[in-house]
1. What pairs come out if I take residues in segment 246-266 that are aromatic (F, W, Y) and pair them with residues that are open to solvent by less than 40 Å² (accessible area, probe 1.4 Å) and in a strand (DSSP E or B) whose C-beta lies under 7 Å away, six or more apart or interchain?
2. Of the residues A513, A520, only one is of a type in the set (G, A, S) and open to solvent by less than 30 Å² (accessible area, probe 1.4 Å); which?
3. Checking the conditions here, which among D151, D182 is open to solvent by 40 Å² or more (accessible area, probe 1.4 Å), modelled with pLDDT of 95 or more, touching a helix residue (DSSP H, G or I) at 6+ places or on another chain (Cβ under 8 Å) and of a type in the set (D, E, K, R)?
4. What number of residues within segment 671-725 are on the phi > 0 side of the Ramachandran plot and out of contact with any helix residue (DSSP H, G or I) (no Cβ under 9 Å at 6 or more places or on another chain)?
5. Tell me which residues, restricted to segment 433-472, are touching a residue at least 24 places away in the same chain (Cβ under 8 Å), among the hydrophobic types (A, V, I, L, M, F, W, C) and assigned to a helix (DSSP H, G or I).
6. For a quick check of your reading of the model, give me the residue pairs whose first member lies in segment 40-63 and is in contact (Cβ under 8 Å) with a residue 60 or more places away in the chain and closer than 16 Å to L155 by Cβ, whose second is among the basic types (K, R) and open to solvent by 40 Å² or more (accessible area, probe 1.4 Å), with beta-carbon atoms closer than 9 Å and at least 6 apart or on different chains.
7. Assess whether G106 counts as being open to solvent by 10 Å² or more (accessible area, probe 1.4 Å) and either of a type outside the set (K, R) or at negative phi (or both).
Amino acid sequence: MRPLRPWLGAVALLMATPWATHAAEKPAFDTAPEQAVLTRLLPHQAQQFELGALTAASGHERFRISRANGHIKVEGSTPSALLFGVNWYLKYVAQVQISPNGDRVGDAPFPLPTAVIEKQTPYAYRYALNENVDGYTAPYWDWPRWQREIDVLALSGINAVLIERGMDSVLYRTFRDVGYSDQEIRQWITQPAHQNWQLMGNLCCFNGPISTTLMQQRAASAQQIIARLRELGITPVLPGFYGIVPADFQHRFPKAHVVPQGEWAGFTRPGWLDPRDPMFAKLAAAFYRHQRELFGDSSIYDMEVFQEGGEAGNVPVPQAARDVQQALLAAHPGARWMMLAWQGNPRQDLLAGVDRHHVLIIDIDHDRVPRDNRQKDFQDAPFLFGGIWEFGGRTTLGANLRNITQRLQRLGRINDNMSGTAVFTEGMDTNPFAFDLFTEMAWRSEPVDTAAWTADYVRRRYGAADPHASAAWTVLLHTAYDIQIDQIVFNSERDAAQESLFDAQPSLTVNRASNWSPEAMRYSAAAFRQALPQMLQVAPALRDSETYRYDLVDIARQTLANESRLLLPQIKAAYDKHDRAGFAALTQRWLHLMDLQDRLLGTNRFFLVGGWLTRVQTWASTPDERSRLDYDARSILTTWGERKASEGASLHDYGNKDWAGLTRDYYRLRWQTYFHTLDDALRTGTAPKPIDWFAMGDAWNHGTQRYADQPTGDAYTAASDVAQALKLPAH
């Protein structure tokens with residue numbers, strides 16, 4: 001137990017608004033957990049640091065970097081500020097990097113600071129994790145993988161993190177209390193990779209039943225994760241209860257008022273129990289009691305009422321919202337209800353019914369036209385600026401940098417109710433550049449010179465100022481990180497870059513892999529092509545770092561992905577002209593590029609489907625469960641669900657990823673099959689035979705192929721082969 005810090009971690013901080021004045025007494029907290037983070041991340045230099053506590057500055061968290069007794073002295077007013085101070089030192093003094101996609105630290109001693117550095121943040125909240133991360137990235141992570149993620153988030157200044165793992169046990173115990181049998185409720189609860197959509201009220205009953213053993217393992221894992229968060233002063237944000245019930249709840253309790261929620265993307269949604277109903281208070285009390293028994297209390301609870309099409313029926317929304325909040329506050333006095341600004345939510349009538357001082361809104365409503373007057377829109381409720389440059393956990397490189405460097409600061413200046421930032425990508429561990437910049441923006445009040453910031457980033461990421469690395473990143477700044485938002489139809493994903501057509505369900509006219517993504521290139525593919533030759537010319541002495549190798553593979557991968565959009569129209573033109581020889585040559589080139597991509601991806605641990613699937617096996621207690629969990633993990637990448645959801649609601653390929661193994665055995669197989677069908681049509685003069693794409697995906701979902709979870713081959717050689725195949729300028 002840490003002295004003078006409540007068991008709830010950073011509750012006192014997080015319950016304060018950014019403009020609140022904190023007590024003047026000097027905070028006291030044990031810095032041993034923060035020192036342990038440094039020992040894990042910086043094993044050769046951790047002992048150079050002397051960590052300490054500071055008082056807040058006018059209620060704002062702050063850190064100070066100095067030198068003392070031959071040590072690097074870093075002080076912070078909170079554990080989060082302290083660790084971000086260490087990160088600032090690493091970035092701007094030592095010029096090394098800890099990142100989600102590789103580190104460049106080395107084993108040499110770090111230099112002592114030559115001047116005192118002090119920074120503060122006006123934002124009480126630096127939140128992380130979209131609800132979908134537990135589906136597209138983290139459903140089967142083990143403790144070492146979670147520990148690494150927590151360390152990186154903590155070092156990045158994050159002080160609140162959503163944890164959904166283990167909530168299956170809370171739901172199970174809650175509904176067992178009111179008479180559901182063990183089998184009934186386990187059949188209702190969805191498997192890990194799809195479970196977060198159940199918590200949001202979107203679906204139920206997929207691929208069940210969940211096993212008792214798995215729920216117990218997940219609860220124990222969540223306890224370990226939450227304990228570490230609290231140890232580091234990070235508030236665990238937990239799901240709250242807002243009324244989801246099994247579809248037969250009305251039949252079991254005829255007097256209960258349940259509003260059917262219909263379907264979401266082809267799935268049956270849980271029913272919504274009217275919060276005014278006496279059964280609601282009973283279920284909510286049970287839910288929060290069991291949650292407390294398993295995971296303790298928190299100060300922030302995530303609840304998405306009416307998520308993506310939920311219906312209120314004949315229930316008056318203001319009163320229902322008030323009752324949902326009152327149930328939360330009865331269990332956790334002073335807690336905040338976290339909700340999303342997304343596709344019309346939160347509704348104005350919902351906000352009108354609640355105590356908005358106990359609300360926290362994550363603003364990710366960038367799907368159409370961003371709105372700036374969030375004081376009015378949110379009726380003065382505090383909100384966090386959400387960064388959502390990536391959907392579905394996809395590997396696409398790019399982001400709308402102006403949203404991070406300009407709009408974030410503008411909204412903070414003109415909205416007194418902006419209380420922080422939220423890393424809200426639907427998956428994690430892609431686009432480390434955007435992650436680094438976004439998390440730093442919470443500590444910057446002055447405008448950012450993007451070119452200068454990028455030069456610093458490149459220097460610490462590769463180890464020196466290299467002209468070719470700088471040239472490559474200049475290309476990236478003017479292409480993938482300067483996406484042209486309003487020139488391309490984007491189907492809701494406003495701030496995301498386009499996908500690879502290699503990953504799309506085959507068609508000669510296909511323009512995206514997933515239904516809601518951009519329909520065309522958001523920057524010049526020809527301009528982007530210039531980045532790879534420059535990366536290949538980076539000085540040999542800088543090529544050994546994990547960070548360089550990741551970026552090299554990612555840039556080469558994206559260059560190939562962009563090529564798919566240039567090549568497909570040529571294939572279509574040959575087919576339309578009945579040029580069978582030309583069609584054959586072009587389609588063979590397409591498949592050859594996919595082969596090159598698979599080999600390239602296989603050289604880096606961040607691009608292996610084997611790394612995703614291997615994690616599943618430790619959670620399965622029987623061969624049957626292993627098959628069920630494999631299907632859960634595979635289907636989220638491909639068909640997403642059963643045929644009705646996959647085809648009828650166009651969910652297929654929403655979670656597409658450029659990964660070795662997945663490219664070879666799924667994406668390439670689809671295109672090869674399709675090209676053979678079209679070639680037969682040209683040969684015979686008949687219409688192409690239809691292909692059951694769902695059946696092909698479902699076959700892979702139920703497959704038993706095992707994939708390498710460790711990289712093979714040389715990234716530089718593979719990237720060079722890509723450049724040669726694309727006839728890029730010699731390096």
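1. Every condition considered, the pairs that remain are F249/V258; F249/G271; F249/L273.
2. The conditions single out A513.
3. None of the other options fit; the residue is D182.
4. Looking only at that region, the number is 1.
5. F433, A434, F435, L437, F438, M441, A451, A469, A471, A472 - these are the residues of segment 433-472 that are touching a residue at least 24 places away in the same chain (Cβ under 8 Å), among the hydrophobic types (A, V, I, L, M, F, W, C) and assigned to a helix (DSSP H, G or I).
6. Once the first residue is in contact (Cβ under 8 Å) with a residue 60 or more places away in the chain and closer than 16 Å to L155 by Cβ and sits in segment 40-63, its partners that are among the basic types (K, R) and open to solvent by 40 Å² or more (accessible area, probe 1.4 Å) give R40/R148; L41/R148.
7. yes
Let's see how each residue does on (1) modelled with pLDDT of 95 or more; (2) touching a helix residue (DSSP H, G or I) at 6+ places or on another chain (Cβ under 9 Å); (3) open to solvent by less than 10 Å² (accessible area, probe 1.4 Å); (4) among the polar types (S, T, N, Q):
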| position | (1), (2), (3), (4) |
| --- | --- |
| I226 | yes, yes, yes, no |
| R230 | yes, no, no, no |
| V237 | yes, no, yes, no |
| A256 | yes, yes, yes, no |
| E263 | no, yes, no, no |
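The values are calculated or read from the model by the stated rules, or taken from the named source; none is laboratory data. Quick caveat, the model's predicted, so the values are computed rather than measured. Positions of Cβ are generated from backbone atoms using ideal geometry, with glycine treated the same way; all protein chains shown enter the neighbour counts. The area values use the complete protein model at the heavy-atom level, side chains included, leaving out ligands, DNA and RNA. Shrake-Rupley method; radii C 1.70, N 1.55, O 1.52, S 1.80 Å.
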